[in-house]
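A.B. asks: My questions will all concern the structure given below.
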Amino acid sequence: MSVIDFIEEKELITLKRLYHVESPISLCRLPYPGHKKGCPNVGKSNSCPPYAIRLGRKYNLQKPCYFVYVKFNIKKQETRMLKLHPNWTKKQARCLLYWQNAVRKELKEIAEFYSLNPDLDYELIPEAMGLHVFETAIYHGIKIERNYSTQEYIYKIAFIGELRDEEE
């Protein structure tokens, strides 16, 4: 079995409500395991705060917007890795180095497929543009969780929207 075999759901949903944050950098600076100061990419890329443009400056948020997501079974991945490496800890078996690139690639392919219309584009990291993905996902019934060490599923989510007219 490969990592891709543990993707249990791929879905496109129309967003009825978007939750924004005043300062996208505040999301990126939230601590997570191994990164007390938040994401190490802040300020190092044009697609990350403080350089990333706001979602509403690139996309027409008055038009339909979408989430496309993949639901990855991290519990099955953990079980697989512990069988391959019996001396590993649960934390090592869940390490994103062993699954995240494959899952992101799948998400990107799906997002590209759904945004074939030339008026549409997608963002793989919409948080950097000020969209509160967690709150927006919960509002739309995606059962996303924050406790990485106990959750059964990881959701990788991309935003799809219509680009603003250049004159705007």
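A.B. asks: Taking the Cα-to-Cβ direction at LYS83 and at TYR148 and moving 7 Å from each Cα, how far apart do the two end points lie in nm?
C.D. replies: Result for the modelled spin labels: 2.5 nm.
A.B. asks: Per residue of the stretch 44-59, in order, report the coupling 6.51 cos²θ - 1.76 cosθ + 1.60 (Karplus, θ = phi - 60°) as ³J(HN,Hα) in whole Hz, putting x for Gly and Pro.
C.D. replies: 10, 9, 5, 8, 10, x, x, 8, 4, 7, 5, 3, x, 7, 9, 10
A.B. asks: Lysines within cross-link reach of LYS10: Cα-Cα under 22 Å, excluding same-chain residues under 8 positions apart?
C.D. replies: Partners within reach: LYS71, LYS75, LYS76, LYS105, LYS108, LYS143, LYS156.
A.B. asks: Can you tally the net charge around GLY130? Count Lys and Arg as +1, Asp and Glu as -1, for every other residue whose Cβ sits under 9 Å from the Cβ of GLY130.
C.D. replies: Values: positive: ARG54; negative: GLU22, GLU127.
Taking every Cβ under 9 Å from that of GLY130, the sum is -1.
A.B. asks: Considering only the other residues whose Cβ falls under 10 Å of the Cβ of ILE4, what net charge follows from Lys and Arg at +1 and Asp and Glu at -1? Don't skip to the answer; put the middle values down first.
C.D. replies: Numbers: positive: LYS105; negative: ASP5, GLU106.
The answer is -1.
A.B. asks: Follow-up question, since we're still on this one. Mind listing the phi-derived Karplus ³J(HN,Hα) values for the stretch 74-81, rounded to whole Hz, using 6.51, -1.76 and 1.60 with θ = phi - 60°, and x for any glycine or proline?
C.D. replies: Couplings: 5, 5, 5, 4, 4, 4, 4, 5 Hz.
A.B. asks: Continuing with the same structure: With each pseudo-label sitting 7 Å past Cα toward Cβ, what's the GLU166-SER2 distance in nm, one decimal?
C.D. replies: My value for the distance between the label points is 4.0 nm.
A.B. asks: I've got another one for you. Using modelled backbone amide H atoms (1.01 Å from N, in-plane), which distant-in-sequence or interchain residues come within less than 5 Å of LEU15's amide H?
C.D. replies: CYS65, TYR66, PHE67
A.B. asks: Given the rule -39500 (n - 2.57) for each run of at least 4 DSSP H residues, summed and divided by the residues of the chain, what is its mean residue ellipticity at 222 nm, to the nearest 500 deg cm²/dmol? Write down the numbers at each step before the final one.
C.D. replies: On the way: 6 runs with 46 residues, N = 168.
The helix-only estimate for the chain comes to -7000 deg cm²/dmol at 222 nm.
A.B. asks: At 0.36 nm per residue, minus the direct Cα-Cα distance, what do LEU30 and LEU116 gain on full extension? Give it in nm, one decimal, please. Intermediate results must be reported in sequence, preceding the final value.
C.D. replies: On the way: separation 86, 0.36 × 86 = 30.96 nm, distance 3.37 nm.
This chain segment gains 27.6 nm when fully extended.
A.B. asks: Something else about it: List the trypsin sites (Lys or Arg not before Pro) within the stretch 27-120 that DSSP assigns to loop and that have no more than 15 neighbouring Cβ atoms inside 10 Å.
C.D. replies: Working: sites: ARG29, LYS36, LYS37, LYS44, ARG54, ARG57, LYS58, LYS71, LYS75, LYS76, ARG80, LYS83, LYS90, LYS91, ARG94, ARG104, LYS105, LYS108; in loops: ARG29, LYS36, LYS37, LYS44, ARG54, ARG94.
Taking the stretch 27-120 and a limit of 15 other Cβ atoms within 10 Å, the loop trypsin sites (Lys or Arg not before Pro) found are ARG29, LYS36, LYS37, LYS44, ARG54.
A.B. asks: First obtain the Kirkwood hydrodynamic radius of the stretch 3-162 from its Cα pairs, then insert it into the Stokes-Einstein equation at 25 °C and 0.890 mPa s, and state the resulting D in µm² per second as a whole number. Could the numbers behind the result be given before it?
C.D. replies: Details: Rh = 16.7 Å.
The calculation lands on 147 µm²/s.
A.B. asks: Simple spin-label model, 7 Å along Cα-to-Cβ: ASN41 to TYR19 in nm?
C.D. replies: It is 2.2 nm.
A.B. asks: Residue by residue through the stretch 65-73, which ³J(HN,Hα) values in whole Hz follow from phi under the Karplus form 6.51 cos²θ - 1.76 cosθ + 1.60 (θ = phi - 60°), with glycine and proline marked x?
C.D. replies: Coupling constants for the stretch 65-73: 10, 9, 10, 10, 9, 10, 9, 9, 7 Hz.
Throughout, read-outs are computed from the coordinates displayed, never taken from laboratory work. Please read all numbers here as calculations on a predicted model, not as lab measurements. FYI the Cβ positions are ideal-geometry reconstructions off the backbone, even for glycines, and counts take in every protein chain you see.
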